[in-house]
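The values are calculated or read from the model by the stated rules, or taken from the named source; none is laboratory data. This is a predicted model, so every value here is computed, not measured. Positions of Cβ are generated from backbone atoms using ideal geometry, with glycine treated the same way; all protein chains shown enter the neighbour counts.
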Amino acid sequence: MIATARSAARRLGALLAAASLALSPALLWAQPADEVRAQRIHMNSCFICHGVQGESTSEIFPRLAGQNAEYIAAQLRAYQTGQRQHAAMANAVARLTPEEMMALGRLYAAMPPMTQPARDPPLAAVGFYIYHHGNRFSGLPSCASCHGADAGGAATLPRLAGQIPEYLVHSLKQFNTRQRTDANLAMHMVAERMTELEMVAVAEYLSAR
């Protein structure tokens, strides 16, 4: 219990130190106004769930480090308009302007992306095949055909490389049940053709990219 408390205290101290550094007047003075605003928004609320450097370790909250700027801005707009449903995010973005959303996107895009070793290499190998080749027996297209061979995505498509595997599986299941309607309709078709094994395998592969 004492060790756990000390670990939590050290983590809190690190977060507060990072927040202090990010908001240092000397640093902010030399940066563009929209970047300063984005940093303030991030350190006032976003970092609590997504991490100081966008390095979320929770399966509930996605990693934002290295994510495509335009895609982040589009998702923030989707939360604001109700196209994408999430109570906490709806409150967080309620007063954001389009310029602030784009500035936040650029802020996260500039953060070093995260990665982790595959926890189950054989499963990741299955995911590699599905991601790059799909499944011709079920009509599942390759993920790489849209998200790229490097899983880096594009302006309107998310970076998947290095994402938390449980978050990816959860998102695929939401697309399958139509709980998420913010993406291209192709994602609904893709998700409904994936077995749970394929979802988990692809997520395991992507988390180590």
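Would you check if there is a residue in segment 148-160 being assigned to a helix (DSSP H, G or I) and not assigned by TED's automatic domain parsing to the domain that holds Leu64?
Of the residues in segment 148-160, the ones assigned to a helix (DSSP H, G or I) are none.
Taking every residue of segment 148-160 in turn, none turns out to be assigned to a helix (DSSP H, G or I) and not assigned by TED's automatic domain parsing to the domain that holds Leu64.
Identify the residue in segment 49-73 that is over 15 Å from Ala154 (Cα atoms) and of a type in the set (Ser, Thr, Tyr) and, among all such residues, is surrounded by the fewest Cβ atoms within 10 Å (Cβ to Cβ).
By that ranking, first place goes to Thr57.
Going by the structure shown, is Arg119 within 20 Å of the chain's Cα centre (by Cα), within 30 Å of Pro32 (Cα to Cα) and among the basic types (Lys, Arg)? If you could, list the steps in order and put the result at the bottom.
Details: within 20 Å of the chain's Cα centre (by Cα): yes; within 30 Å of Pro32 (Cα to Cα): no; among the basic types (Lys, Arg): yes.
So Arg119 fails the test.
With respect to the numbered conditions (1) within 27 Å of Thr177 (Cβ to Cβ); (2) in contact with a helix residue (DSSP H, G or I) (Cβ under 6 Å, 6 or more places away or on another chain); (3) surrounded by 19 or more Cβ atoms within 10 Å (Cβ to Cβ), which one is the sole condition not fulfilled by Leu140?
Looking at each condition in turn, Leu140 falls short on (2).
Every residue in segment 147-182 that is closer than 19 Å to Val200 by Cα and among the hydrophobic types (A, V, I, L, M, F, W, C), please.
Ala149, Ala151, Leu160, Ala161, Ile164, Leu168, Val169, Leu172, Phe175
Name the one entry in Ala26, Ala19, Ala74, Ala33 that is modelled with pLDDT under 95, within 24 Å of Gln163 (Cα to Cα) and either among the polar types (S, T, N, Q) or in the same structural domain as Met101 (by TED's automatic domain parsing) (or both).
On the way: Ala26 fails: within 24 Å of Gln163 (Cα to Cα); Ala74 fails: modelled with pLDDT under 95; Ala33 fails: within 24 Å of Gln163 (Cα to Cα).
So the residue among Ala26, Ala19, Ala74, Ala33 that is modelled with pLDDT under 95, within 24 Å of Gln163 (Cα to Cα) and either among the polar types (S, T, N, Q) or in the same structural domain as Met101 (by TED's automatic domain parsing) (or both) is Ala19.
Consider Thr115 against the criteria (1) closer than 14 Å to Ala203 by Cβ; (2) in the same structural domain as Met194 (by TED's automatic domain parsing): it satisfies all of them except one. Which criterion is unmet?
Going through the list (1) closer than 14 Å to Ala203 by Cβ; (2) in the same structural domain as Met194 (by TED's automatic domain parsing), Thr115 breaks only (2).
Name the residues in segment 56-73 that are closer than 20 Å to Phe175 by Cβ, of a type in the set (A, V, I, L, M) and assigned to a loop (DSSP other than H, G, I, E, B), would you?
Ile60, Leu64
Which of (1) out of contact with any Asp or Glu (no Cβ under 7 Å at 6 or more places or on another chain); (2) surrounded by fewer than 18 Cβ atoms within 10 Å (Cβ to Cβ) does Leu168 not meet, given it meets every other one?
Among (1) out of contact with any Asp or Glu (no Cβ under 7 Å at 6 or more places or on another chain); (2) surrounded by fewer than 18 Cβ atoms within 10 Å (Cβ to Cβ), Leu168 violates only (2).
Out of all the residues in segment 191-203, which are buried (at least 20 other Cβ atoms within 10 Å of the Cβ) and more than 15 Å from the chain's Cα centre (by Cα)?
Initial filter on segment 191-203 (buried (at least 20 other Cβ atoms within 10 Å of the Cβ)): 191, 194, 198-203.
The answer is Ala191, Met194, Glu198, Met199, Val200, Ala201, Val202.
Looking at (1) touching a helix residue (DSSP H, G or I) at 6+ places or on another chain (Cβ under 7 Å); (2) farther than 19 Å from Tyr71 by Cα, find the lone condition where Asp182 falls short.
(2)
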